[in-house]
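Written below as C-alpha cells is the structure these notes are about.
The values are calculated or read from the model by the stated rules, or taken from the named source; none is laboratory data. The structure displayed is predicted, hence computed values, not measured ones. Here the Cβ is made from the backbone with ideal geometry for all residues, glycine too, and neighbour counts use every protein chain on show.
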Amino acid sequence: MFSAIANMLGGGRDAVSKAGANSIARRCVDDEATRMRLHYKPYYHTFEAQRGSRVVRDGREFVMLASNDYLGLTHHPKVLEAGRKALETWGASTTGARLANGSRVCHVELEERLAAFMGKEACHVSAAGYLSCMSAIQPFSRKGDLVLADKNCHSSLLAGIQAGLGENLRFSHNSPESLAELLAEEAPERPKMVVLEGVYSMEGHIARLPEILRVCEGRNCFFVMDDAHGLGVLGPGGRGTAAHFGSTDSVDLICGSLSKALASTGGFVAGSRPIIEFLRTHSKQTIFSASLAPVQVACALAALDVLETEPECCARLWENTRRYKEILADFKFDTWGSETPAVPIVLGSRERTYIFWQKLLENGVFAVPSLVPAVPPGKDLIRTAVSARHSTADFDIIAKALKAAKSLW
Ligand SMILES: Cc1ncc(COP(=O)(O)O)c(C=O)c1O
C-alpha cells in the first residue's frame, strides 16, 4: 500500500526513502488527500501568461472565472505605474516588522486612506489578509470571554479564534435566530465577541447584519466582521458591507484582504484608534511578521484612488454580475442564493463537481472546485466570481461551457 501510493505520487522507492524513516515524514507520503489532489489535479494550476480576463496554460487560453479581481484593476495603468514607482523608491521589501524597522510613510498613508474610506478612525495593514483576520481576533479574545462565530466563517477567522483564549461557540450560518439562542444561555455581562463575514466568500451571501446586531443589543458584544469580499463591492462607492447597512459604528473591527477588489496583496483591520493601538501592542501576527511590501501598498493605494474617482468600475461589476446570473438562471443552476459577484454553482457531490469542472476547462473556462470538508456536506460546488473586466466575448464562452457541462446530466 505504502509503496503503491508512493509510486502514484511519482516517486516510487525514491519518495519513500526521501521521506525518511520517521512517522511524520511517512505520513506525508501516505496522505490520501494529497494523493487524490496529485492524481486529479484540480488545484495549483500554473499559468504562463495573463491577458486581461484570460489566462494561458500549456499554450491554451481560458476565461478566468475564479479570481477575486472584482473591479478588474490588477492591470489598471494607474495601479501598474504606482507599483513601478514604489519599487524604485522603496526597493523590494522592508525586510522587517512594522514595530521594528518595517514602517514607511506609504503604510501610514494607506492606513489613513482606508480608515477614512470605511468610516473608521484608524487602520492597520499587514502582509496578508489571513494575518489581518487572525489579528482581529487573537489579541482580543481573553480567558473567560465567549467567541460566537458563524459556522461558515473563513479559515483565517477560525485560526484567529483558535489562537485566542476565549471559549468558542458557532452559530448556524447567517442565522440571527441561532445566535440569539446561544446568547440566551449566557449572562448578559459576560464579555463576548461575535465573528462574521460581510460577504461570505463561498456562498456569496450578505451578512444579515441589522438582525444580528439587534439580537446582540445589551449583550456586551464586540463585533468583528471580515469584509474581504464586501470592500469595493457593496455599499456606497464600494465602502463595504457595514456602510451598505449604515452600521459602520456598530461593528468594532472590520478586517479583510487587499487581494480582492483592491488588486494587491495584504490585509487590513479598521476600527477605533484605541482598538487599533491595542492590536499593535498585542497581536502576534503584527509584531512578529514583516510589513506589507511598499510595492503592494502603492498598488492598493492606486486601486483605492481608481475606486474613488472611477465609480463606473463598481457599476460594471454589478452589470456583469446581473448578466452572469441571467445565464446561470437560464440553465437552472443552484447558486445557493448568492446575492453578490461571488457565485457558487452547487453540484452536491465530489464526482459531479469534478466532472463539471473538467467540462468547463475543456471548453475554455477556468473555475475552482470546492469540496467537503471545505464546504458543508452535500454542498460540493464550483466557486466562480465575476469581474468588471469580463467582456461580452467572455460571457459567450462561459455560456457555451456551462451548456456543455450541463448536458452531462
Ligand atoms: C473571507 C476571506 N478572508 C480572508 C482571506 C485571506 O486573505 P489573503 O488572501 O489576503 O490572505 C480570504 C482570502 O481567501 C477570504 O476569502
Hey, can you tell me all the residues within the stretch 371-396 that are at pLDDT 95 or above and not charged (D, E, K, R)? Leu381, Ile382, Thr384, Ala385, Val386, Ser387, Ala388, His390, Ser391, Thr392, Ala393, Phe395
Which members of the stretch 126-165 meet the condition of being away from the ligand (no atom under 11 Å from the Cβ) and under 10 Å from Val269 (Cα atoms)? Ser135
Which condition does Ser135 not pass, out of (1) surrounded by fewer than 24 Cβ atoms within 10 Å (Cβ to Cβ); (2) closer than 25 Å to Arg104 by Cα; (3) under 16 Å from the mean Cα position of the chain (by Cα), if it passes all the others? (1)
Those residues of the stretch 71-95 which are touching a Ser or Thr at 6+ places or on another chain (Cβ under 7 Å) and either in the same structural domain as Ser259 (by TED's automatic domain parsing) or farther than 30 Å from Pro341 by Cα (or both), in sequence order: Thr94
I'm trying to understand the selection: among the residues of the stretch 326-348, which are closer than 27 Å to Arg57 by Cα and not in a strand (DSSP E or B)? Ile327, Leu328, Pro341, Leu347
Given the condition in contact with a Phe, Trp or Tyr (Cβ under 7 Å, 6 or more places away or on another chain) and either farther than 20 Å from Ser126 by Cα or surrounded by 23 or more Cβ atoms within 10 Å (Cβ to Cβ) (or both), answer yes or no: does some residue in the stretch 269-289 qualify? no
Within the stretch 176-191, tally of residues that are touching a residue at least 24 places away in the same chain (Cβ under 8 Å) and assigned to a loop (DSSP other than H, G, I, E, B): 5
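Identify all residues within the stretch 114-125 that are within 16 Å of the ligand (Cβ to nearest atom) and not hydrophobic (A, V, I, L, M, F, W, C); write none if there are none.
Within the stretch 114-125, just His124 meets the criteria.
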Looking at the structure I just gave you, is Leu317 in the same structural domain as Ala242 (by TED's automatic domain parsing) and assigned to a helix (DSSP H, G or I)? no
Subset of the stretch 167-220 [of a type in the set (D, E, K, R), in contact with a Leu (Cβ under 7 Å, 6 or more places away or on another chain) and buried (at least 23 other Cβ atoms within 10 Å of the Cβ)]: Lys192
First in the stretch 201-212 and outside the structural domain of Val346 (by TED's automatic domain parsing), second anywhere and assigned to a helix (DSSP H, G or I) and within 12 Å of the ligand (Cβ to nearest atom), Cβ under 8 Å, 6 or more apart: Ile206/Thr241; Ala207/Thr241; Leu209/Thr241
When every residue in the stretch 349-374 that is within 24 Å of Val55 (Cβ to Cβ), under 24 Å from the mean Cα position of the chain (by Cα) and of a type in the set (Val, Ile, Thr) is compared, the one surrounded by the fewest Cβ atoms within 10 Å (Cβ to Cβ) is Val368
If I filter the stretch 346-364 for residues that are over 28 Å from Ala33 (Cα atoms), of a type in the set (Lys, Arg) and not assigned by TED's automatic domain parsing to the domain that holds Tyr200, do I get at least one hit? no
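Can you tell me which residue among Ser135, Ser156 is polar (S, T, N, Q) and more than 22 Å from Pro274 (Cα to Cα)?
On the way: Ser135 fails: more than 22 Å from Pro274 (Cα to Cα).
Selected residue: Ser156, the only one of Ser135, Ser156 that is polar (S, T, N, Q) and more than 22 Å from Pro274 (Cα to Cα).
This table checks each residue for (1) modelled with pLDDT under 95; (2) crowded, with 16+ Cβ neighbours inside 10 Å; (3) touching a strand residue (DSSP E or B) at 6+ places or on another chain (Cβ under 7 Å).
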residue	(1), (2), (3)
Lys41	yes, no, no
His45	no, no, yes
Arg51	yes, no, no
Val55	no, yes, yes
Phe62	no, yes, yes
His75	no, no, no
